[in-house]
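Notes follow once the structure below has been shown.
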Amino acid sequence: MEEGICENIVIHKDIVKKVKEKIPKDDLIYDMAEFFKVFADSTRMKIIYALMEGELCVCDIANIVQTTQSAISHQLRILKQSKLVKYRKEGKVVYYSLDDEHISEIVRKGCEHIEEL
């Protein structure tokens, strides 16, 4: 027998059945995978961290992240499409903020996990 390969098809039928019942449907799993892909970019993570401190305009975010306003606008578009960031206009200035507190929680939990490694 190869290491890590079961000789039997199912050993613990009751556990397998219970787990299968609890696993979310494929559509939800797909949506979650797409959601977490958004966090897989260092520029987007810097933007999220900046917005965890409060509402900011593109030029301020660009200064914090030390990249161009164009690059920030591109990443903000992705964050908006993923419902991680929202915006409001005040005159000609557009201010961005995190969509809700869940985003901060997800980032903090991820950071805690990485720091434990």
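The values are calculated or read from the model by the stated rules, or taken from the named source; none is laboratory data. Quick caveat: nothing in here was measured; it's all calculated off a predicted structure. Note: ideal-geometry Cβ built from the backbone for every residue, glycine included; neighbour counts use all protein chains shown.
Side notes on the structure shown:
- Of the helices (runs of 4 or more DSSP H) entirely within the range 4-60, those holding at least 2 residues that are among the small types (Gly, Ala, Ser) occupy 42-52.
- For residue 48, the stated conditions do not hold, so it cannot be described as farther than 19 Å from residue 102 by Cα, among the aliphatic types (A, V, I, L, M) and in contact with a helix residue (DSSP H, G or I) (Cβ under 9 Å, 6 or more places away or on another chain).
- Residues of the range 91-117 satisfying the condition of being within 13 Å of the chain's Cα centre (by Cα) and part of a loop (DSSP other than H, G, I, E, B): 99, 100
- Among residues of the range 36-65 that are at negative phi, those with a Cβ under 6 angstrom from a residue that is assigned to a loop (DSSP other than H, G, I, E, B), sequence gap 6+ or separate chain, pair up as 38/82.
- Test result for residue 88, at pLDDT 95 or above and over 18 Å from the mean Cα position of the chain (by Cα): yes
- Qualifying positions in the range 69-104 - among the acidic types (Asp, Glu) and surrounded by 12 or more Cβ atoms within 10 Å (Cβ to Cβ): 99
- Residue check for residue 11: of a type in the set (A, V, I, L, M, F, W, C), over 24 Å from residue 114 (Cα atoms), surrounded by 10 or more Cβ atoms within 10 Å (Cβ to Cβ) and modelled with pLDDT under 95: no
- Residues that are exposed (fewer than 14 other Cβ atoms within 10 Å of the Cβ), over 18 Å from residue 81 (Cα atoms) and hydrophobic (A, V, I, L, M, F, W, C) within the range 30-68 comprise just one, 59.
- Yes/no for residue 83 being in a strand (DSSP E or B) and either free of Cβ contacts under 8 Å to residues at least 60 places away in the same chain or under 16 Å from residue 41 (Cβ atoms) (or both): no
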